[in-house]
2 protein chains.
Amino acid sequence: MNNFNFYSPTYFVFGKERENEAGKYIKRFNGTRVLIHYGSGSVIKSGLLQRVKKSLTENGIYFTELGGVVPNPRSGLVYTGIELCKKDKIDFILAVGGGSVIDSAKAIALGAEYDGDFWDFYCGKRIEKALPVATILTLTAAGSEGSMGTVITHENGMLKRAANHDVLRPVFSILNPELTCSLPAYQTACGAIDMMAHVMERYFTNTQNVEITDRLAEGILLTIIKEAPIALANPSNYEARANLMWAGMVAHNDTCGVGRDSDWSSHQMEHELSGLYDVAHGAGLAVMFPAWMKYVMNHDIMRFAQFAVRVWGCEMNFQQPEETALQGIQRYEEFAKSLGMPIRFAELGAKAEDIPFMVKTLGLGENTMGSFVKLTEEDVKKIYELAV
Amino acid sequence: MNNFNFYSPTYFVFGKERENEAGKYIKRFNGTRVLIHYGSGSVIKSGLLQRVKKSLTENGIYFTELGGVVPNPRSGLVYTGIELCKKDKIDFILAVGGGSVIDSAKAIALGAEYDGDFWDFYCGKRIEKALPVATILTLTAAGSEGSMGTVITHENGMLKRAANHDVLRPVFSILNPELTCSLPAYQTACGAIDMMAHVMERYFTNTQNVEITDRLAEGILLTIIKEAPIALANPSNYEARANLMWAGMVAHNDTCGVGRDSDWSSHQMEHELSGLYDVAHGAGLAVMFPAWMKYVMNHDIMRFAQFAVRVWGCEMNFQQPEETALQGIQRYEEFAKSLGMPIRFAELGAKAEDIPFMVKTLGLGENTMGSFVKLTEEDVKKIYELAV
């Protein structure tokens, strides 16, 4: 096990109707002038925004608002939000939505406390401070409600890049599974795949003797495999939504990732896909992850066999462990398909002829990426080709 | 799943030699006048205390010290510590030791910010504030390094009572598995049993549809079952110690307990045992837990069958699930015995004739305790008798 620091100070407020406590918690965490940040009109139509505003008003909290966040959130709205915060002396940002809204809020929080261009932090500049961000989650997927990360797409070149720091962990997050009951099947499935990917990026590691995080990771995956089909078959099943919602948080606040190297190659390759085609992140991951797994499997057959046996319930083939390893990957693909997810380029609308462009914008050059297997540009090209 | 709040803001600093960073983190968390609290001379003999003091000195931090905490920590030293804190204007407490030292430190932290008797908080008085506590853990067991709890034995009547509040979560905890490599086998085994008990008190619940926390709980148990025998066979095996150390934290910071009712009857019954005979908490739990399980098993055979199959790898007996359930309990007993733990009164030095006294001091009267099955005084008596 590697040395590590783990810090997950977010106060989680989980359950039915908890969004009505938003004002109380903003007060507790010293917010006085709040920017409410959200996406499309769905939070207006559902009445959620109204309930949240009521809670803030009842607690005497000043607020202004900024909607319009799109999936794969863009830099343009972030710049607007930063300006708004500076002009209106905002000291607290409340994100009401899914991962895109939260990521956009985190970007605004960074920029509001910085004189330069917020994009600097997505290009490697060291993060030091940000406005406090809280969330009311409406979509189980990104894990941004508990994570230290944010991913933004810059409109200049459609570059999708991440920034990470402890100050980006939300001060509180309200998770009401009821709010996810109205999600369309496609978004529910994308969310499940995204959550699984967060676990799997950590699961495939070269760090030895990490039984505790292996077991926690497997537990999260087993939960998603059980609960996602229930939520698809019966969208208003509260219990399935609740299990998925908490699984999505622990999948990405690093509970199952501490003390071990993690990979993130599949995520990086997916970012090029969703940056170029504007497809859902989860759908892109359902395509990229099996391709990556097939390509790197031989690097550690027994880890893939463990994945197959413990997560997918495959019988261990003691004579030919590689058969078991491959079976695990196939089970993953079958599961993704059963959720209605694409698993190949064509189903996603991606084109083989764009592979050289994606390899280029990924920008590896002479460097490598990933940790489980260090991938060169040539490797990346072959993995994209496996996904065709 | 129940509504819940989850707040685990402790900054965890995990790995080899991390205790040398104690001063840095105390500074980060605004400590200026520190009470170093510890137990017997082992932290002196090992040189740990010296290294910690060096780190504080290098960071210009004032400190004073108070040793002498005993297992099942007593009120007497807590009163001494509180007086010391008030006299010396202490603003930060650093516990160097295991659960007993940390629990004693938390009690001092409560009393130092209170004009009355600290014991009030162990008799149900509402907690509002406490001095910040940090820990350097030397014994994997109690989970107090990440938990909101503290257990103290009052010398007036040897009453063992708990207090719980979010302000009692350590601000940071340094977990260096190397520090546990010198632990005697008996303490290592007691720690493993204690950690398992923290998970099992949460696992046996009437709350339905809690797959995510079920799976996380099972993952922690599977880890302990694998790693504890390795640590016993080879005490200096760093990797086993590391897995156990992190398992002990997640076992009790409520990662696997949120959203579900938990029980704690076995803990309460054990407190009477260790209060009366001054036996190790883990040893007492190894005796009380199987007795409790046998007594309540019929309340939910399928939950015990799940425990047997998923945690102990038993084959499910689909015709007679109660056989599987019973097998799980037997496996637990065999495992405890294999670690050198007692599983009956006699091995512990406890006496059947003291049962009426323990039932009485437990003080249920006409009330019940527990959640999975609500136990009356008569039930408690029968469970103690099953443990004879």
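None of the figures in this text is laboratory data; all of them are computed from the coordinates on show. Values in this document were obtained by computation on a predicted structure and should not be read as measured data. FYI the Cβ positions are ideal-geometry reconstructions off the backbone, even for glycines, and counts take in every protein chain you see.
Go ahead and set up a Gaussian network model of chain B, Cα springs under 10 Å, then flag whichever of B:GLU65, B:GLU322, B:GLU211 fluctuates most. Maximum among the listed residues: B:GLU211. With axes computed from alpha carbons, what is the tilt in degrees of helix A:281-296 against the longest principal axis of chain A, rounded to the nearest 10 within 0 to 90? Here the helix axis deviates by roughly 30 degrees.
About its Cα centre, the dipole of the range A:18-147 is roughly 340 debye, where the only charges are +1 on Lys and Arg Cβ and -1 on Asp and Glu Cβ. The mean sequence distance of close C-alpha pairs (under 8 Å, at least 6 residues apart), as a share of the length of the range B:185-386, puts its relative contact order at 25 percent. Across chain A, the mean sequence separation of Cα contacts (distance under 8 Å, 6 or more residues apart), normalised by length, yields a relative contact order of 15 percent. Net charge around B:ILE61, counting only other residues with Cβ within less than 12 Å of its Cβ (Lys, Arg = +1; Asp, Glu = -1)? Once all neighbours under 12 Å are counted, the net charge is +4. Bridging of B:LYS129 to lysines at a Cα separation below 18 Å is possible for B:LYS86, B:LYS89, B:LYS106, once same-chain residues fewer than 8 apart are set aside. Just how many % of Cα pairs in the range B:112-213 lie over 16 Å apart, if you round to the nearest whole percent? When all Cα pairs of the range B:112-213 are counted, 69 percent exceed 16 Å.
Note on A:LYS54: aspartates and glutamates with a C-alpha under 20 Å away, same-chain residues under 8 apart excluded, are A:GLU17, A:GLU19, A:GLU21, A:GLU65, A:ASP91, A:GLU178. Among the listed pairs A:LYS226/A:LYS360; A:LYS226/B:LYS294; B:LYS53/B:LYS337, those whose Cα-Cα separation exceeds 32 Å are A:LYS226/A:LYS360; B:LYS53/B:LYS337. Taking each DSSP H run with n ≥ 4 as -39500 (n - 2.57) and averaging over every residue of chain B yields -14500 deg cm²/dmol at 222 nm. Think of the range B:185-386 as having a plus end and a minus end, set by charges on the Cβ of Lys, Arg, Asp and Glu; of B:SER371, B:LEU326, B:LEU222, B:LEU222 sits farthest toward the positive end of this dipole.
Sites counted here are chymotrypsin sites (Phe, Trp or Tyr not before Pro) in a DSSP loop (not H, G, I, E or B) having no more than 14 other Cβ atoms within 10 Å; the longest part of chain A that contains none of them is A:30-317.
The mean number of Cβ atoms from other chains found within 10 Å of a Cβ in peptide A:111-124 is 0, as a whole number. The residue list A:GLY23, A:ALA346, A:TYR384 was ranked by how far each Cα lies along the charge dipole of chain A toward its positive end, using unit charges on Cβ atoms, and A:GLY23 comes out on top.
The angle between the Cα long axis of helix B:211-233 and the main principal axis of chain B comes to about 70°, on a 0 to 90 degree scale. Mean projected area of the Cα convex hull of the range B:185-386, taken over all directions, amounts to 10.9 nm².
Mean-square fluctuations from a GNM of chain B, with a 10 angstrom spring cutoff on Cα atoms, peak among B:PRO229, B:PRO177, B:PRO73 at B:PRO229.
Translational diffusion coefficient, Stokes-Einstein: compute it for the protein assembly as shown using the Kirkwood radius over C-alpha pairs as Rh, at 37 °C and 0.692 mPa s, and state it as an integer in µm² s⁻¹. It comes out at roughly 120 µm²/s. Once divided by 2.2 N^0.38 Å, the Cα radius of gyration of chain A becomes 0.96. Ascending distances from the B:ALA352 label point to its copies in the other chains, with the point 7 Å along the Cα-to-beta-carbon line: 8.0 nm. Over the range B:38-166, the hull volume per residue, using the convex hull of the C-alpha atoms, is 100 Å³.
Between A:SER75, A:SER104, A:SER46, the residue with the greatest mean-square fluctuation in the GNM of chain A (Cα pairs under 10 Å linked by springs) is A:SER46. Rounded to the nearest 20 debye, the dipole magnitude of the protein assembly as shown is 1440 debye, with +1 charges on Lys and Arg beta carbons, -1 on Asp and Glu beta carbons, and the Cα centre as origin. Between the helical axis of A:265-277 and the longest alpha-carbon principal axis of chain A there is an angle of about 60 degrees. Under the convention that each Lys and Arg Cβ holds +1 and each Asp and Glu Cβ holds -1, the size of the dipole of the range A:123-182 around its Cα centre is about 300 debye.
Find which of A:THR150, A:ALA112, A:ILE136 sits farthest along the positive direction of the dipole of the range A:11-179, computed with +1 on the beta-carbon of Lys and Arg, -1 on that of Asp and Glu, about the Cα centre. The one lying farthest along the dipole's positive direction is A:ILE136.
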